[in-house]
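K.L.:
For reference, the structure I am asking about is given below.
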Amino acid sequence: MNELNKDAIRDLLYRMADDQLILGHRNSEWTGLGPILEEDIAFSSMAQDKLGQSLALYTLLHDLGDKDPDTLAFNREEKDFKCCHLVEYPIGGYEFSLMRHFLFDSSEALRFGMLAGSSFSPLAKIARKFRGELRYHTMHADTWIRQLGGANEESRAKIQSSLEFCFPLALGIFEPSDYEKTLAEQGVFPGESELQKEWLAHIEPLLAGSGLSMPDVSSCKPSYGGRKGRHTEHLKPLLDEMTEVYKIDPSAEW
Amino acid sequence: MVRESLSVDDVWKALEDVKDPEIPKLSLVDMGIVTSVSIGEDESVRVVITPTFAGCPALKMMADDIKDRLGKLTKGNVEVEVNYDVQWSTDMLTEKGRQMLKESHFALPGQVNGFVSAESLIKVECPFCGSRDTRLQSPFGPTQCRAIHYCDNCKQAFEQFKPV
Ligand SMILES: [Zn+2]
């Protein structure tokens, strides 16, 4: 058997780890601010899952020869981050955070599902584990989307407009890498376009069932660049803050 | 008298004294968190634990507690490795562990077999009155392991050890 392409795997791991680290930090900003106490706890709990998952992914990168997880998370330059634009935005209003959570976590659940069968076995193992954790995130998101979509016209309109704002950002999750072919051929990961296809098929009926209409993909320009290190203005201040906190107490728990 | 050499069984038995920091009635063995124990040269011990949740904040404490306890058992080196070779599921709770959760008024998780169905979170049996006239309030409880339900029969909230 051919040896797996480590650069391709590293690129994939950075995308995933950085997405989770950044979104985990964003979602933890809901602590104390949720519309109801249960939502406060839910977002904090999901943030904790995401930070834990990112740590596991950075640990895999460390096992492949990269720096230690703390340095990877808190001491890298902005251009070295491979997160997508969707996760970079501040929490905004509840509708935005909820829609982002719905769009992102549905893709993540499908991604882990695909990776559970990856030929890169260390990744397959954690994917099988995280797939289970993600179940709770998607159940949570699906329930709330259905509730708000079906509540009343005002609430439906708000959540629909969040959907339209988030959609091009969400398409940026699937920005192709330079390694798509290699990853697919080596059985590591079927690829971003394959994932996007599955994701669209998955969310469309959920949105329709919640009284929401999915924007037209063909006329929507995906927000690309994040996977190549080009980010929105929102990332840098967050990274600075994370680095600052880390410098003050490097031994702090994640 | 010649001291018998340390056995794997001795280690497992000692690990039953190490409690889960979040649910102190349960040992790490009852939780199914300890996935392997081996003994090397000079009675060095290697224990593998698998996280219940990736972001479990108690992991480090568990590893330290294991080292403390096993340090009383052996003069050799004690190594605790955390890995995902075996992926934790509530299906790995021991019978004793389930019994203790029940006594602590937790609703028990059903068998997961690799997939948590939405059904496993609704109409959960109330640990106080046994009614199934209950509702899921939130799958996210005070710790990652717990979900919150409400019993319409005895009118109180209860926690479920959530199926994973
Ligand atoms: Zn009851």
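The values are calculated or read from the model by the stated rules, or taken from the named source; none is laboratory data. Remember, predicted model here, so these are calculated numbers, not experimental data. FYI the Cβ positions are ideal-geometry reconstructions off the backbone, even for glycines, and counts take in every protein chain you see. Keep in mind that these areas ignore ligands, DNA and RNA; they rest on the heavy atoms of the full protein, side chains included. Shrake-Rupley method; radii C 1.70, N 1.55, O 1.52, S 1.80 Å.
K.L.:
Taking a probe of 1.4 Å and counting only protein heavy atoms, give the total accessible area buried between chains B and A in Å², rounded to the nearest 100.
P.N.:
About 2000 Å² of accessible surface is lost on pairing.
K.L.:
Another one. As a test question: what accessible area, to the nearest 10 Å², does B:SER104 have when a 1.4 Å probe is rolled over all protein chains in place?
P.N.:
40
K.L.:
Restricting to the protein assembly as shown, compute how many DSSP beta bridges are antiparallel as a %, nearest 5.
P.N.:
70
K.L.:
Which residues does a label at A:HIS234 reach in the range A:175-207, if reach means a backbone N under 19 Å from a point 7 Å past the Cα toward the Cβ?
P.N.:
Answer for the range A:175-207: A:175.
K.L.:
Pop a pseudo-label 7 angstrom from the Cα along the beta-carbon direction at both B:THR94 and B:MET61 and give the gap in nm to one decimal.
P.N.:
Here the modelled spin labels are 2.2 nm apart.
K.L.:
Looking at chain B as a GNM with Cα springs under 10 Å, which of B:GLU41, B:GLU81, B:GLU103 has the largest mean-square fluctuation?
P.N.:
In this elastic network of chain B, the residue with the biggest mean-square fluctuation among B:GLU41, B:GLU81, B:GLU103 is B:GLU41.
K.L.:
Name every cysteine in the protein assembly as shown that ends up alone, with no second cysteine's Cβ under 4.7 Å, or say none.
P.N.:
When partners are defined as cysteine Cβ atoms under 4.7 Å apart, the protein assembly as shown leaves A:CYS83, A:CYS84, A:CYS166, A:CYS220, B:CYS56, B:CYS145 without one.
K.L.:
Using 0.36 nm per residue, how much length does the chain from A:GLU3 to A:ARG76 gain when fully extended, once their Cα-Cα distance is taken away?
P.N.:
Contour length minus the Cα-Cα distance gives 23.4 nm.
K.L.:
On the full set of protein chains, 1.4 Å probe, figure out the accessible area of A:HIS85 and give it in Å² to the nearest 10.
P.N.:
Accessible area of A:HIS85: about 20 Å².
K.L.:
Roughly speaking, what is the stretch gain from A:GLN147 to A:LYS67, that is 0.36 nm per residue apart minus the C-alpha to C-alpha distance, in nm to one decimal?
P.N.:
Full-extension gain reported as 24.4 nm.
K.L.:
Only sites in a loop by DSSP and with at most 10 other Cβ atoms within 10 Å count here; which trypsin sites (Lys or Arg not before Pro) in the range A:1-44 make the cut?
P.N.:
Sparse-neighbourhood loop trypsin sites (Lys or Arg not before Pro): none present.
K.L.:
In Å², and per residue, what accessible area does the range B:105-161 have when probed at 1.4 Å with the other protein chains present?
P.N.:
Spelled out: the 1.4 Å probe surface of the range B:105-161, per residue, equals 48 Å².
K.L.:
How far apart, in nm, are the 7 Å Cα→Cβ label points at A:ALA201 and B:ASN153?
P.N.:
Rounded to a tenth, the inter-label distance reads 4.3 nm.
K.L.:
Need one word for the range B:8-82: rounded, prolate or oblate. Basis is the Cα gyration tensor (sqrt eigenvalues a ≥ b ≥ c); a/c below 1.5 gives rounded, then a/b vs b/c decides.
P.N.:
It comes out prolate by the Cα gyration axes.
K.L.:
Report, in deg cm²/dmol and to the nearest 500, the calculated mean residue ellipticity at 222 nm for chain A, where each DSSP H run with n ≥ 4 adds -39500 (n - 2.57) and the sum is divided by the residue count.
P.N.:
-22000 deg cm²/dmol
K.L.:
Measure out, as a whole number of angstrom, how far apart the alpha-carbon centroids of the range A:136-210 and the range A:1-69 sit.
P.N.:
18
K.L.:
Looking only at A:ASP105, A:ASP18, A:ASP80, which one moves most when chain A is put into a Gaussian network model with springs between Cα atoms under 10 Å?
P.N.:
Of A:ASP105, A:ASP18, A:ASP80, the Gaussian network model singles out A:ASP80 as fluctuating most.
K.L.:
Another question about this same structure. Across the range A:6-248, how many lysine pairs separated by 8 or more positions, or lying on different chains, have Cα atoms within less than 14 Å?
P.N.:
6
K.L.:
Ignore the peptide's own chain and count Cβ atoms of other chains within 10 Å of each Cβ in B:143-152; give me the average, rounded.
P.N.:
The per-residue average across the peptide is 1.
K.L.:
What is the average number of partner chain Cβ atoms found within 10 Å of a Cβ in A:117-124?
P.N.:
1
K.L.:
Please state the charge dipole magnitude for chain A, taken about the Cα centre, from unit charges on C-beta atoms (+1 on K and R, -1 on D and E), reported in debye and rounded to the nearest 20.
P.N.:
480
K.L.:
Starting from 0.36 nm per residue, how many nanometres of slack lie between A:SER155 and A:TYR224 once their C-alpha separation is accounted for?
P.N.:
Here the segment from A:SER155 to A:TYR224 would lengthen by 21.9 nm.
K.L.:
Turning to a different aspect of this structure: For the residue pair A:ILE248 and B:GLU81, what label-to-label distance in nm results when each label sits 7 Å from Cα along the Cα-to-beta-carbon direction?
P.N.:
Distance between the two pseudo-spin positions: 3.7 nm.
K.L.:
Need one word for the protein assembly as shown: rounded, prolate or oblate. Basis is the Cα gyration tensor (sqrt eigenvalues a ≥ b ≥ c); a/c below 1.5 gives rounded, then a/b vs b/c decides.
P.N.:
The shape class here is oblate.
K.L.:
Turning to a different aspect of this structure: If we count every other residue with Cβ under 11 angstrom of A:ALA109's Cβ, Lys/Arg +1 and Asp/Glu -1, where does the sum land?
P.N.:
Overall, the nearby charge balance is -2.
K.L.:
Now, a different point. Give the separation of the Cα centroids, the range B:105-142 to the range B:66-98, in Å.
P.N.:
27
K.L.:
Return the average number of partner chain Cβ atoms within 10 angstrom of each residue Cβ along peptide A:136-147.
P.N.:
For this peptide, the per-residue mean of nearby foreign Cβ atoms is 2.
K.L.:
Considering only B:ASP30, B:ASP42, B:ASP20, give the residue with the highest GNM mean-square fluctuation for chain B, with springs between Cα atoms whenever their separation is below 10 Å.
P.N.:
B:ASP42
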